[in-house]
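K.L.:
Just passing along the structure, written as structure tokens.
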Amino acid sequence: VASTIEDCWKIIETAECTQKHCMMMENCNYNEEELWVLNMIQEGVFGDITHTEGAYLHDLRALMLHDTYYEGQWRLHEHAERNGNFYTTHGLGPIAFYLGIGRGDTFSHLTSMSSRELNLSIAAKQYNHPIQSYKCGDMNNTMIKTEKGKTILLQFDVHTGRPYSRINKIVGTKAVHDGYPSRLYIEGEKPEYWGHNWLKEEAYNEYKSKYQHPIIKKLKTVSQGFKQGHGGMDFVMIYRLIKCLNLGLPLDINVYDSILWSAITPLSELSVAANSQSIIVPDFTGGTWRKENPLEIMRDII
């Protein structure tokens, strides 16, 4: 919702002064897999979380180099002029829910590093595109640490040919999940040598069924009729937004969430430009993040 720290603060101040909502419409927070993982975390399946990984790994070269797909080729110009993580929220939004960010924990500091750039410029030459030099590296890795000591690895790569992935890795004291494809590991009563196997399909499906998020149970039939909305998650997101507004309830994703997730982009740019120097993440909440509040998405489903 903002691409500079200055604009982040302006939006916070405007929302507080006007008492108006500002919500990042982050659909990946409402995807079935992410909500399933979130429900398992809330139910204690993962124990205490130590580390998470998220990403936006999506080959966009042909679209960025297309004459009209992005108006004015704005996305390509971003990559020609800037270097950092420009697409944080698909991976970071669900992780923020997993870790209770803004509801008892927050981001403390980050460090960011970009690889050299090769793939986009190679494609630009193949397309005979007039812009053939790009500042943004092929892969950006941003490490974030929370105030409670949890770590987040956030990756961004839209230059490289590869299958799409948001990674969606959650590491806890009792379980681990890896996405794309979704796999689940459950720790036994005590560590076992060679005990590191993903659950077999039958056991995995038992967990999938037992811990399916209640909103998915409620809306699954109708949301599946909206496959054009990213497999139904757009429908769930819009349903929740309208329900909360109609009932006068706090939104699942508030202005502080929206700004914090967005701020990682300019902060990553600062770190990359400073040879991966550690950068403090501002507290946009004025300290209210310290209060442990339940996630709004986990309230009774109406």
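The values are calculated or read from the model by the stated rules, or taken from the named source; none is laboratory data. As the structure is a prediction and not an experimental result, all values here were calculated from the model. As a convention, Cβ positions derive from the backbone with ideal geometry for all residues, glycine included, and neighbour counts pool all protein chains shown.
Yes or no, residue by residue, for (1) surrounded by 16 or more Cβ atoms within 10 Å (Cβ to Cβ); (2) among the hydrophobic types (A, V, I, L, M, F, W, C); (3) part of a helix (DSSP H, G or I):
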residue	(1), (2), (3)
T52	yes, no, no
E78	yes, no, yes
N83	yes, no, no
C136	yes, yes, no
I152	yes, yes, no
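K.L.:
Looking at (1) within 30 Å of A273 (Cβ to Cβ); (2) aliphatic (A, V, I, L, M); (3) in a strand (DSSP E or B), find the lone condition where I167 falls short.
P.N.:
Only one criterion in (1) within 30 Å of A273 (Cβ to Cβ); (2) aliphatic (A, V, I, L, M); (3) in a strand (DSSP E or B) is unmet by I167, namely (3).
K.L.:
Another one. Taking into account only those residues within the range 2-40 that are among the hydrophobic types (A, V, I, L, M, F, W, C) and farther than 30 Å from P214 by Cα, which is nearest to the chain's Cα centre (by Cα)?
P.N.:
A2
K.L.:
Under 9 Å between Cβ atoms, which residue pairs at least 6 apart in sequence (or on different chains) link something in the range 279-301 that is free of Cβ contacts under 8 Å to residues at least 24 places away in the same chain with a partner that is surrounded by fewer than 16 Cβ atoms within 10 Å (Cβ to Cβ) and in a helix (DSSP H, G or I)?
P.N.:
Between residues of the range 279-301 that are free of Cβ contacts under 8 Å to residues at least 24 places away in the same chain and residues that are surrounded by fewer than 16 Cβ atoms within 10 Å (Cβ to Cβ) and in a helix (DSSP H, G or I), the close pairs are D300/P214.
K.L.:
How about the range 177-186: which of its residues are part of a strand (DSSP E or B) and under 17 Å from E206 (Cβ atoms)?
P.N.:
Once the filter is applied, which keeps residues that are part of a strand (DSSP E or B) and under 17 Å from E206 (Cβ atoms), the range 177-186 yields H177, R183, L184, Y185, I186.
K.L.:
Go through the residues of the range 182-204 one by one and say whether even a single one is closer than 28 Å to D48 by Cβ, within 20 Å of the chain's Cα centre (by Cα) and touching a residue at least 24 places away in the same chain (Cβ under 8 Å).
P.N.:
Within the range 182-204, one or more residues are closer than 28 Å to D48 by Cβ, within 20 Å of the chain's Cα centre (by Cα) and touching a residue at least 24 places away in the same chain (Cβ under 8 Å).
K.L.:
For residues that are at pLDDT 95 or above and surrounded by 11 or more Cβ atoms within 10 Å (Cβ to Cβ), scanning just the range 287-302, find the one that is farthest from N254 (Cα to Cα).
P.N.:
R290
K.L.:
Looking at the range 12-35, can you tell me whether even one residue there is within 20 Å of E269 (Cα to Cα) and either in contact with a Cys (Cβ under 6 Å, 6 or more places away or on another chain) or modelled with pLDDT under 95 (or both)?
P.N.:
Scanning the range 12-35, I find no residue that is within 20 Å of E269 (Cα to Cα) and either in contact with a Cys (Cβ under 6 Å, 6 or more places away or on another chain) or modelled with pLDDT under 95 (or both), so the answer is no.
K.L.:
In the range 206-216, what residues are part of a helix (DSSP H, G or I) and either surrounded by 12 or more Cβ atoms within 10 Å (Cβ to Cβ) or touching a residue at least 60 places away in the same chain (Cβ under 8 Å) (or both)?
P.N.:
The answer is Y207, K208, K210, P214, I215, I216.
K.L.:
Another question, if that's okay. Residue by residue through the range 34-50, note down the ones that are assigned to a helix (DSSP H, G or I) and surrounded by 20 or more Cβ atoms within 10 Å (Cβ to Cβ).
P.N.:
Matches in the range 34-50: E34, L35, W36, V37, L38, M40, I41.
Okay, residues lined up against (1) in a helix (DSSP H, G or I); (2) in contact (Cβ under 8 Å) with a residue 60 or more places away in the chain; (3) among the β-branched types (V, I, T):
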| site | (1), (2), (3) |
| --- | --- |
| L219 | yes, no, no |
| V222 | yes, no, yes |
| V236 | yes, yes, yes |
| L249 | no, no, no |
| I253 | no, yes, yes |
| V272 | yes, yes, yes |
| Q277 | no, yes, no |
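K.L.:
Can you report the number of residues in the range 100-109 which are surrounded by fewer than 24 Cβ atoms within 10 Å (Cβ to Cβ), not polar (S, T, N, Q) and not in a loop (DSSP other than H, G, I, E, B)?
P.N.:
Matching residues across the range 100-109 total 2.
K.L.:
What is the residue count in the range 54-74 for residues that are outside any loop (DSSP other than H, G, I, E, B) and over 24 Å from G232 (Cβ atoms)?
P.N.:
Qualifying residue count for the region: 8.
K.L.:
Can you confirm whether E202 is at pLDDT 95 or above and acidic (D, E)?
P.N.:
Judged against the criteria, E202 is a match.
K.L.:
Here's another thing I want to ask about it. Could you please give the count of residues in the range 141-181 that are farther than 16 Å from I95 by Cα and under 18 Å from the mean Cα position of the chain (by Cα)?
P.N.:
Counting residues in the range 141-181 that are farther than 16 Å from I95 by Cα and under 18 Å from the mean Cα position of the chain (by Cα) gives 5.
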